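Scroll down for the structure; my scribbles are underneath it.
The values are calculated or read from the model by the stated rules, or taken from the named source; none is laboratory data. Remember, it's a predicted structure, so these values are computed and weren't measured experimentally. Cβ atoms come from the backbone with ideal geometry, glycine included; neighbour counts cover every protein chain shown.
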Amino acid sequence: MKKAFLLLVIVFSFLGANAQDTFKVPTYKYYTPYHCFIDFNFKGGLLNQELSYTDLSKNYLNSINTSIGKLNVKQGVSLGGDIQIGYFFGEKKHFGIGIGFLYMQQSNEIGIDYFHTEYQSNDARGAIFRQIITANNPIKESITTTNINIPLVFKYKTQFTKKVGFTVDAGILYNVQIENAYTTNATFNYEAAYLRSSDNGWVYDPGATLDKNDWLITQSNYTAKNPTGNMSHYFDSMQNIEHYNVALKQGVTNKTAAVKYTIGSIGYLLQPAITYRLSERWYLNMGFYYIYQNFKKPVNTIAVLTDKPGNYSSLLNSVTNSVNQTYGVNLGVRFLFGKAKDSDHDGIPDKKDRCPFDSGLIQFLGCPDHDHDGIPDCDDSCPNTWGIAKFHGCPDTDGDGIRDLDDSCPLTPGLLQFHGCPDTDGDGIPDRADSCPTEPGLLQFHGCPDTDGDGIPDKEDACPTKPGPLSNHGCPIDTVAKKKRRALQDFQPQLIHFEFGKTIIKKTSFGYLDSLVEVLNDNPEVDIIVEGHCDTIGSAKVNNKISNSRADAVKKYLLNKGIEPARLVTIGYGYKKPIASNRTKAGRAKNRRAVLKVKFD
């Protein structure tokens, strides 16, 4: 019983992890719409019995010299089948319950190797004597057991492929009938011993050995007195004519009879199987079964194995408890029925279908998901566009937390206050309205800075760090104004470009640098700031190094042309000040640059 209970625990723990089925979604594609079932199972296997029994000599009065062999049981065979009807629960229909009728016919053999007893008895005349009974051979009984039960089982089923699946039954068996029919060819010798009492009657001789004064009707006594006599004739006449309770090699008159156990016992059934799908409703089951049953029977306190020639009471009458374990091969057929109404034919009954007239998926209770975003159309604000649950099925392409329907820049991450558009330089002016998107600036200059505050944006100011009038291009008017003006007029800032990952100046920039040398030679009070820049490919550490090297490359070029080192200042900005998008190849090429700016003392 403990083994069967442990098996049940293991099976139902294992069944906690199960696959899901449905009508359309791949992980649910083996879904079946039928709830009810009928199972037909045919079983064949082996029977193992463990029998508990009482001492066969206890019902013999004042028995002595008793020698009875141990009851032994041979392994038998078991054949039968069952029919069950039941119901599978839920949309997935993995778990169910069934009840039915189980019939098993089992055959085996029991016996004892020897039997001898001597006890007090009364003959046909009422005289007391000593009865001696000995089996001629080992006693064997061929047992045929009829076992009828009502199974109440939990069921599990799932499909691995369209054709192949798995099912298991596990539950209890309520026994309503068990009958054991036996057949035996046992034969016995019946002998007698009479002891004369003091009043000339007969009494029981209780001694371990027979008294020499006993009247003996035994084989040994007859042989000793009549060595050439006909012993069989003597015993027949003593039995049939004189009516003494004696006989030699006497067979039993009731060679076949039945013994019933008390009904109402509880057993256990475990039945796993591989299933093969024959059609939408029919499945073939092939697997194994194990049945555990414990039957109890009250002891018959009157019956003895045999007491008179021909009389016989089965060895089964001494059995008080029988533990039967049956196991073997099971072959079954399952028929499914009980399909609920399904108007849209999506495998989900109308009573549980949120969209009963629109074919859908079981995980969405029958509603479709046309954009395959995992949100049913009935809950999807954008049913034809893949989206996310946060925005009720609508997309957020740039991932800035603002759905595309409300995002003025849906392809570029931005800020909520600018309707999803970015503000790269953080000056409060969105890039789409910022003429200088990478440098913090002022609203009146469309986002461009005015460093010296002279009302002229830096990009139009020849002296961005010193206030000056517009008439002098933003530079202050002083004694060297003409020379500075000439330098500023002749010096039109250009970008010096480099190859990807390199610090070598492109030859296309040599002409511009040479003209700059002339301006610097004519205006010794003018200094130059060389700024180096990179794209965003690579780490910040590497890009900072490259930007400094690019600025140094321009400085080295000018030094080689005779410009004093004190007039040249280099700064490396890495990729902190892009002038174009680093998301495109063309934009990254523009960002790999050096910029020259005028610096006045």
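In region 576-600, of all residues being in contact with a strand residue (DSSP E or B) (Cβ under 7 Å, 6 or more places away or on another chain) and over 15 Å from Leu495 (Cα atoms), the one that is surrounded by the most Cβ atoms within 10 Å (Cβ to Cβ) corresponds to Phe600. Each residue in region 494-509 was checked for being surrounded by fewer than 12 Cβ atoms within 10 Å (Cβ to Cβ) and not in a loop (DSSP other than H, G, I, E, B), and 2 of them qualify.
Name the one entry in Phe115, Phe166 that is over 30 Å from Asn245 (Cα atoms) and assigned by TED's automatic domain parsing to the domain that holds Ile38. Sole residue among the options that is over 30 Å from Asn245 (Cα atoms) and assigned by TED's automatic domain parsing to the domain that holds Ile38: Phe166. Meeting the requirement of 3 or more residues that are farther than 26 Å from Asn72 by Cβ and in the same structural domain as Phe115 (by TED's automatic domain parsing), the strands (runs of 3 or more DSSP E) wholly within region 253-317 are 266-277, 282-296. Among residues of region 96-112 that are in the same structural domain as Ile68 (by TED's automatic domain parsing), those with a beta-carbon under 6 Å from a residue that is polar (S, T, N, Q) and buried (at least 21 other Cβ atoms within 10 Å of the Cβ) at least six positions away or on a different chain give the pairs Gly98/Gln84; Gly100/Gln84; Leu102/Asn149; Met104/Ser78; Met104/Asn147; Gln106/Ser78; Gln106/Thr145. Do you know which of the residues in region 516-568 that are charged (D, E, K, R), assigned to a helix (DSSP H, G or I) and touching a strand residue (DSSP E or B) at 6+ places or on another chain (Cβ under 8 Å) is nearest to Val598 (Cα to Cα)? The qualifying residue nearest to Val598 (Cα to Cα) is Arg567. Counting only residues that are surrounded by 18 or more Cβ atoms within 10 Å (Cβ to Cβ) and closer than 21 Å to Asn591 by Cα, region 437-473 holds 7 of them.
When we screen Gly393, Gly387, Gly347, Gly360 for residues that are over 30 Å from Asp169 (Cα atoms), buried (at least 20 other Cβ atoms within 10 Å of the Cβ) and at pLDDT below 85, the only hit is Gly360.
When residues of region 45-63 are filtered for being surrounded by 18 or more Cβ atoms within 10 Å (Cβ to Cβ), small (Gly, Ala, Ser) and within 19 Å of Asn180 (Cα to Cα), how many remain? Qualifying residue count, region 45-63: 1.
Restricting region 239-252 to residues that are in contact (Cβ under 8 Å) with a residue 12 or more places away in the chain and not in a strand (DSSP E or B), the residue that is farthest from Trp215 (Cα to Cα) is Val252.
Yes or no, residue by residue, for (1) modelled with pLDDT under 85; (2) among the acidic types (Asp, Glu); (3) more than 25 Å from Ala594 (Cα to Cα):
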site	(1), (2), (3)
Leu415	no, no, yes
Thr424	no, no, no
Thr451	no, no, no
Asp454	yes, yes, yes
Asp461	yes, yes, no
Asn472	yes, no, yes
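Of the residues making up region 184-217, just one is surrounded by fewer than 13 Cβ atoms within 10 Å (Cβ to Cβ) and among the β-branched types (Val, Ile, Thr), namely Thr209. Restricted to region 1-116, the set of strands (runs of 3 or more DSSP E) holding at least 2 residues that are modelled with pLDDT of 95 or more comprises 34-53, 76-88, 95-112.
Between His243, His233, the distinction of being in contact with an Asp or Glu (Cβ under 8 Å, 6 or more places away or on another chain), surrounded by fewer than 16 Cβ atoms within 10 Å (Cβ to Cβ) and of a type outside the set (S, T, N, Q) belongs to His243 only. So for region 126-147 (the condition being surrounded by fewer than 20 Cβ atoms within 10 Å (Cβ to Cβ) and aromatic (Phe, Trp, Tyr)), does at least one residue qualify? No, every residue in region 126-147 fails to be surrounded by fewer than 20 Cβ atoms within 10 Å (Cβ to Cβ) and aromatic (Phe, Trp, Tyr).
Condition check for Thr275 on (1) surrounded by fewer than 20 Cβ atoms within 10 Å (Cβ to Cβ); (2) touching a Gly at 6+ places or on another chain (Cβ under 9 Å); (3) among the β-branched types (Val, Ile, Thr): one failure, at (1). If only residues of region 362-393 that are in a loop (DSSP other than H, G, I, E, B) and of a type in the set (A, V, I, L, M) are counted, the one that is nearest to His345 (Cα to Cα) is Leu365.
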